[in-house]
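Report on the following structure.
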Amino acid sequence: ERLGTAKDAVKVGRRDMARALVTKAAGGTTVSATTTIAALAGIRTFATGGIGGVHRGWADHMDISADLRAMADSPVTVVCSGAKAFLDLPATMELLESLSVAVIGYRTDIFPSFYSRETDIALEHRVDDVADIAAQMAYQDALGLREGILVVNPIPERDEIPRTVIDGAIEQALREAEQQGIIGKAVTPFVLARVKDITGGASLTANVALVVNNARVGAEIAVAYADVAKRAS
């Protein structure tokens with residue numbers, strides 16, 4: 001049967017995977033779906049830009065990304081530059097703790113916020129060598145833990161957008177989303193698109209830079225984990 005085309009593309013989260021297979025729609029996977037697929041395929045590490053999390057105002061409308069639950073249910077190490085900057089970052093960190101997802105700062109003591117290297121959130125765990133992350137993955141295997149690991153890797157300093165600049169753009173985009181009645185999974189693509197417009201494309205440049213950096217670190221972790229697994233066999 002005919003597969004969907006780009007113009008038919010949908011956002012595919014974990015809950016949408018089976019439906020997308022039924023409809024054969026083209027789609028882009030969220031972290032929740034990618035984590036699930038990686039676990040099914042035996043892939044232990046993947047890199048992304050930023051994870052979803054607890055949205056601002058969650059107490060009123062309970063908007064919480066399925067990314068967090070998927071990481072708690074899949075033994076996959078996700079490398080990112082923190083959670084998307086327009087989220088409630090402290091609440092996101094609290095929920096990750098409740099779900100027993102280990103959060104590790106790669107060469108940082110501070111939880112990054114996607115476009116910027118720092119927030120007001122101190123991390124409990126920091127590593128400076130990917131071998132330490134690979135070793136932790138191996139110990140989680142040995143302990144039979146089903147949860148994944150979240151590695152936060154700050155955007156390179158030369159590519160970051162100052163928090164004062166990006167926060168203003170995000171606040172404007174969120175106001176516009178609320179005014180237009182945009183809710184649920186439509187919020188993220190709307191806000192990212194508006195932030196790109198408001199910053200004159202600077203956010204897109206930063207996004208590309210951090211994804212490339214995360215892919216590099218993710219690959220290094222994957223190689224280190226393969227070495228650990230080989231020695232253990």
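Data overview
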read-out: Given charges at beta-carbon only (K, R positive; D, E negative), |dipole| of the stretch 101-185 in Debye; value: 220
read-out: Hypothetical label at L123: residues of the stretch 157-188 whose amide nitrogen lies under 17 Å (7 Å Cα-Cβ projection); value: 157-158, 160
read-out: The chain, accessible surface, carbon-and-sulfur percent (1.4 angstrom probe); value: 55
read-out: Accessible area (Å², per residue) of the chain, counting only protein heavy atoms and a probe of 1.4 Å; value: 51
read-out: The stretch 47-175 - share of DSSP beta bridges that are antiparallel (%, nearest 5); value: 30
read-out: Cα gyration tensor, the stretch 97-233 - rounded (a/c under 1.5), prolate or oblate; value: prolate
read-out: S203, S233, ranked by accessible area, largest first (probe 1.4 Å); value: S233, S203
read-out: Helix runs (DSSP H) in the chain reaching 30 Å along axis by Cα, Kyte-Doolittle at least -1.0; value: 202-232
read-out: Solvent-accessible surface ranking, highest first, for Y106, Y139, Y225 at 1.4 angstrom; value: Y139, Y225, Y106
read-out: Solvent-accessible area of H125 with every protein chain in place, 1.4 Å probe, in Å² to the nearest 10; value: 90
read-out: Net lengthening on full extension, R175/K24 (0.36 nm per residue, minus Cα-Cα); value: 50.9 nm
read-out: Read-out semi-axes √(5λ) of the Cα gyration tensor in Å, derived from the coordinates shown; its label in (1) 40, 29, 15; (2) 28, 23, 17; (3) 46, 23, 17; value: (2)
read-out: Rounded to 5, the percent of DSSP beta bridges in the chain classed as antiparallel; value: 25
read-out: Rough spin-label spacing in nm, given labels placed 7 Å along Cα→Cβ, for R146 and S98; value: 1.9
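The values are calculated or read from the model by the stated rules, or taken from the named source; none is laboratory data. Owing to the predicted nature of the structure, the values given are computational and were not obtained by experimental measurement. For neighbour counting, all protein chains shown are included, and Cβ atoms are generated from backbone atoms with ideal geometry for every residue, glycine included. Accessible surface areas use protein heavy atoms only, side chains included; no ligands, DNA or RNA. Shrake-Rupley method; radii C 1.70, N 1.55, O 1.52, S 1.80 Å.
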